[in-house]
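This report refers to the structure that appears directly beneath it.
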Amino acid sequence: MILGNKMNDRAISGVANIIHRSFDTRDEVQTYLCAYLVHTIKSGSRRFTTPEDAIACAADGDDLIESALRKATAGIDSEGIEEMLGRIDAGALEAFLAAGLKPGSAMNGAHFTPDCITDLALRILDVKPGDKLVDYGCGAGGFLERAAELGAGARSEGVEIVPSFVAAARVRARITGSQVAYSEGDMFSYYEDSVGTRGADKVFSNYPWGMRTKKLRSDSGFVGRALQGLPEYGRPVSSDWVFNRLLVDSIDPAAGTAVGISSNGALFNGADARIRKYFIENGWIRAVVALPEGLFFPWTNIGTALIVFGGGSTSAVRLVDATDLGTKERRGSTLGEDAIDEIIRRLENDGERSSSVSISELAGHGYSLLVSQYFEEAIEIENAVELGSLALDIRRGAGIGASALDAISCTEDTGVDYLNLSNVADGVIEGELQHIGKLDGGLEKGYVATGDLLVSKSGSPFRIAVAEVADGRKLIASGNFFIIRLDAQRVDPYYVASFLSSPRGARLLEAASRGTTLRALSLGALRGMPVPLVDLDAQRRVGTAYRAKLDEIGILKMRLERARAEITDLFDMEA
């Protein structure tokens, strides 16, 4: 039965803490299953003589639940369980089990779909009574239990490959009375055995992101065909597109709807352009929603998107930028009700962050579905000149591995220093540099001269500095830097550094960089970077003011370090 009254989070968290401390559980799933065993004993009228009897009663004929309970409670004796019974409130225990494995609760499992994504996906799917609703990779049942809680009235089925998660999902369905059917197995085999030609009306999947296709493991013909390469578009490089094809094949694309959560990398990589083209031109993709960072704790820095399949057009795809709608939390971020409402509005209407993008425009971007490429604000630069045209030379520093660097570095000051990313902060080179004791030809490309502009290859923010190399010394920049030797007759390096450090310059660097978890600049993108070119006198005024501020920051840092050193001795000096 469903618990009649809502217990607060503190009471639910208290149950988890008691179970965890008493049974020394190793993870949230074990805690949950142990709680179910305690619930069975506490709520029943009979007295059990051994834990095995209680496990059999709790499983109630479900072999998977019984096996999971035995593993979860191995080593727990009867006395420990008896001692537990008097410490836990029955209502809080049932509320804990009804809450299930989800973020924000005491469970906080490692594999989950955040509640806000569940609610957003359900709004998009618009599940009707009698619909067949399938969740591929359902975990512990959070998505389908939420659908049941909202009264969707669907025929809901979930499949999950981890047995203990399936057991937890079935337990939760018993507690809530949701009538959701959960199966153990891989989603591809489940599709062939249970979905296939009959199809589903609505489908959801928060599948594993960014796996290489060759790492997929399944005995199903579906995966076998994907690994061999389909005649329509060959073999996908990212497994995201194997999962996406599963979603499309599970519905009637003209009448059904599927929602998948994808990593950003699969949306724009060149290797999968052919498959994106096929999906787009067949009208399989209705919309792509760029999600805010931080929704999927602990993978908070991975860029993700929600893809809507089915009911699409062969002429355009709706692209929505929702990256501005996240609300920061202690760990990551979330989407509130107003944000979800706004995403639904953007899915239905054009605006500054929503547009129906034609296939011809998508084709011009290599069939990229990375939403940010279509909503980048134009950055106005007066008298713009490409950075490459102002440079005598632009090159990467000397790339050398950590072990190789250790082999040639030394503690003795040889007059040759190696510059790492960590040595550039607040526009200047600082800290102790590694000394190089043995030079080889591969390091020559990394030589830096006074006046050279250094820009880090990757960033957020990017690191920028103008080199000042003392007479008689040599400085070698690592491969993480671009070394830009500017034409001093045309441009002041400190002027360019000031511009790149400004908000407009930072936005240009960010827009020119590519990548998902770590954005990086290419040499070509850096050469094409626009710089506002004014006369040399004006440049020098800006450059001089910029250097003065760098000096001011340096003085403040010295004062801060002095104060930190003095505070450690303050008590002994003053007491």
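At a glance:
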| quantity | calculated |
| --- | --- |
| Near pairs, Cβ below 7 angstrom, 6+ apart or cross-chain, from the stretch 344-369 (assigned to a strand (DSSP E or B) and loosely packed, with under 15 Cβ neighbours inside 10 Å) to any residue that is modelled with pLDDT under 95 and among the small types (Gly, Ala, Ser) | Ser358/Ser315 |
| Sole exception among (1) part of a helix (DSSP H, G or I); (2) crowded, with 17+ Cβ neighbours inside 10 Å for Glu444, by number | (2) |
| Check on Glu66, surrounded by 16 or more Cβ atoms within 10 Å (Cβ to Cβ), at pLDDT 75 or above and part of a helix (DSSP H, G or I) | yes |
| Condition broken by Ile483, with the remaining ones in (1) within 26 Å of Ala398 (Cβ to Cβ); (2) modelled with pLDDT under 95 satisfied | (2) |
| Of residues in the stretch 196-219 being over 20 Å from the mean Cα position of the chain (by Cα) and either in a strand (DSSP E or B) or among the polar types (S, T, N, Q) (or both), the one nearest to Ala271 (Cα to Cα) | Ser218 |
| Residue in the stretch 144-153 that is over 24 Å from the mean Cα position of the chain (by Cα), under 25 Å from Val38 (Cα atoms) and surrounded by fewer than 21 Cβ atoms within 10 Å (Cβ to Cβ) present | yes |
| Residues of the stretch 254-284 that turn out to be surrounded by 19 or more Cβ atoms within 10 Å (Cβ to Cβ), over 22 Å from the mean Cα position of the chain (by Cα) and not in a loop (DSSP other than H, G, I, E, B), as a count | 4 |
| Which listed residue, of Asp471, Asp417, is among the charged types (D, E, K, R), in a loop (DSSP other than H, G, I, E, B) and either modelled with pLDDT of 90 or more or more than 22 Å from Leu550 (Cβ to Cβ) (or both) | Asp471 |
| Verdict on Ile251 being more than 24 Å from Ser358 (Cβ to Cβ), in contact with a strand residue (DSSP E or B) (Cβ under 6 Å, 6 or more places away or on another chain), buried (at least 20 other Cβ atoms within 10 Å of the Cβ) and in contact (Cβ under 8 Å) with a residue 40 or more places away in the chain | yes |
| Residues within the stretch 70-86 that are exposed (fewer than 13 other Cβ atoms within 10 Å of the Cβ) and either assigned to a loop (DSSP other than H, G, I, E, B) or in contact with a His (Cβ under 9 Å, 6 or more places away or on another chain) (or both), tallied | 4 |
| Any hit, the stretch 313-327, residues being among the aliphatic types (A, V, I, L, M), in a loop (DSSP other than H, G, I, E, B), over 20 Å from Leu125 (Cα atoms) and within 22 Å of the chain's Cα centre (by Cα) | yes |
| Any hit, the stretch 499-509, residues being over 30 Å from Ala305 (Cβ atoms) and either aromatic (Phe, Trp, Tyr) or at pLDDT 95 or above (or both) | yes |
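The values are calculated or read from the model by the stated rules, or taken from the named source; none is laboratory data. What you are looking at is a predicted structure, and each value in this text was computed from that prediction instead of being measured. Positions of Cβ are generated from backbone atoms using ideal geometry, with glycine treated the same way; all protein chains shown enter the neighbour counts.
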